[in-house]
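Everything below concerns the one structure shown next.
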Amino acid sequence: ETFWVTTGMFPQELIVALPTRVRLSKVTVQSCQVRTLRIERSVSKEPVDFEHCIEKDLQYTEGELQTEEFPLPDFQATYLRFIIKSAFDHFVSVHRVMAEGT
């Protein structure tokens, strides 16, 4: 029912704070109009010192959400930073971020 919309200029960032340091195996993102997405992680107590994890070009899907899975090689994170580097339109949206792990 809620989603995050960009302001129309790129890159755009979205930082997700996890409840504690967790071990992740996969992140799934549901978005609209995103062309290139990068995921970074931080294990710090504050959202600093991010490390590149994965970057992917997404497929254009007209009239429906893009659902993209990012398998991650069993790493730990306290914060995840999602950087939308480019888009298929001036405005994009992120509707859901799901992280799997322990």
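The values are calculated or read from the model by the stated rules, or taken from the named source; none is laboratory data. None of the values given here were measured: they were computed from a predicted structure. Every residue, glycine as well, gets a Cβ built from its backbone with ideal geometry; the counts of neighbours run over all protein chains shown.
Values for this structure:
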| item | result |
| --- | --- |
| Set 72, 80: member being modelled with pLDDT of 95 or more and out of contact with any Gly (no Cβ under 7 Å at 6 or more places or on another chain) | 80 |
| Residue match in segment 65-80 (condition: of a type outside the set (A, V, I, L, M), in contact with a strand residue (DSSP E or B) (Cβ under 7 Å, 6 or more places away or on another chain) and free of Cβ contacts under 8 Å to residues at least 40 places away in the same chain) | yes |
| Where a residue in segment 35-48 is closer than 13 Å to residue 21 by Cβ and its partner, wherever it lies, is acidic (Asp, Glu), with Cβ under 6 Å and at least six apart | 41/51; 42/49 |
| Segment 63-102 - residue that is aromatic (Phe, Trp, Tyr) and assigned to a loop (DSSP other than H, G, I, E, B) and, of those, nearest to residue 7 (Cα to Cα) | 91 |
